[in-house]
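The values are calculated or read from the model by the stated rules, or taken from the named source; none is laboratory data. Source: prediction; values computed, not measured. Cβ atoms come from the backbone with ideal geometry, glycine included; neighbour counts cover every protein chain shown.
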Amino acid sequence: MPATPAAVKLDHPDLPIVKSAFPNARLLASEFRGQTALVVPVELVHDVARLLRDDPRCDYSFLSDVTAVDYLGYPAEMPARFAVVWELCSLSRNVRLRLKTFIDPTVDTKGIEPDPGLVVPSVTDLWPGAEWLEREVFDMFGIRFSGHPDLRRILLWKDFPAHPLRKDYPLRGRGERERFAVAARETTDLK
């Protein structure tokens, strides 16, 4: 009979602090290639982020990125289709932590209409630099951030009909290129 692998003990210094602050929450943690990820329920994201920023033992004063992942067609079973990920850095302690939450679409809108299930709290009140990063996630994935001061598209035009980083978006687009008017260039001879 094969031996079962022993449970991996995560030694990230901030995991016990978060667990003691939220003793009844279902928190998950993992480590991959030396990077620790803390998975929290969507309703606790803002509270955990505030703790990680404000607690002097943690001191995550720098938010380096906000992104999302679409797990549609992923070979392993995932808790939900989308994950929103915040990359945090404590500059004073030279420690990083990945904060992550999972959300699922509640209606099939084909990525065109806002989905009430794809909403997470904004962290712009904690890290003002999150404003443009959250707008990019909104633009590319259609995930909205409640409490965001100016949530609108940042890379595509206002009336673009979909969210191109979703896995169900066609690789060649939905005809956007064919509808562009060709811009003529004026050339001059440089003799």
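The rows are residues; the columns are (1) touching a residue at least 12 places away in the same chain (Cβ under 8 Å); (2) at negative phi; (3) touching a Phe, Trp or Tyr at 6+ places or on another chain (Cβ under 8 Å).
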{"residue": "Cys89", "(1), (2), (3)": "yes, yes, yes"}
{"residue": "Pro114", "(1), (2), (3)": "yes, yes, no"}
{"residue": "Pro121", "(1), (2), (3)": "yes, yes, yes"}
{"residue": "Arg135", "(1), (2), (3)": "yes, yes, no"}
{"residue": "Met140", "(1), (2), (3)": "yes, yes, no"}
{"residue": "Asp159", "(1), (2), (3)": "no, yes, no"}
{"residue": "Ala162", "(1), (2), (3)": "yes, yes, yes"}
{"residue": "Arg166", "(1), (2), (3)": "yes, yes, yes"}
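Give me a count of the residues in segment 75-124 that are among the polar types (S, T, N, Q), under 15 Å from the mean Cα position of the chain (by Cα) and closer than 28 Å to Glu31 by Cβ. Result for segment 75-124: 2. State whether the residues of segment 89-104 include one that is buried (at least 19 other Cβ atoms within 10 Å of the Cβ), among the hydrophobic types (A, V, I, L, M, F, W, C) and out of contact with any helix residue (DSSP H, G or I) (no Cβ under 9 Å at 6 or more places or on another chain). The answer is no, given that none of the residues of segment 89-104 is buried (at least 19 other Cβ atoms within 10 Å of the Cβ), among the hydrophobic types (A, V, I, L, M, F, W, C) and out of contact with any helix residue (DSSP H, G or I) (no Cβ under 9 Å at 6 or more places or on another chain). In this structure, Phe82 does satisfy being out of contact with any Lys or Arg (no Cβ under 8 Å at 6 or more places or on another chain), crowded, with 17+ Cβ neighbours inside 10 Å and aromatic (Phe, Trp, Tyr). With the requirement that a residue be of a type outside the set (A, V, I, L, M), over 16 Å from Val42 (Cα atoms) and outside any loop (DSSP other than H, G, I, E, B), what does segment 88-115 give you? If the condition is that a residue be of a type outside the set (A, V, I, L, M), over 16 Å from Val42 (Cα atoms) and outside any loop (DSSP other than H, G, I, E, B), then Cys89, Ser90, Arg96 are the ones that fit. The residue that is modelled with the lowest pLDDT, among those in segment 116-125 that are part of a loop (DSSP other than H, G, I, E, B) and surrounded by fewer than 20 Cβ atoms within 10 Å (Cβ to Cβ), is Pro116.
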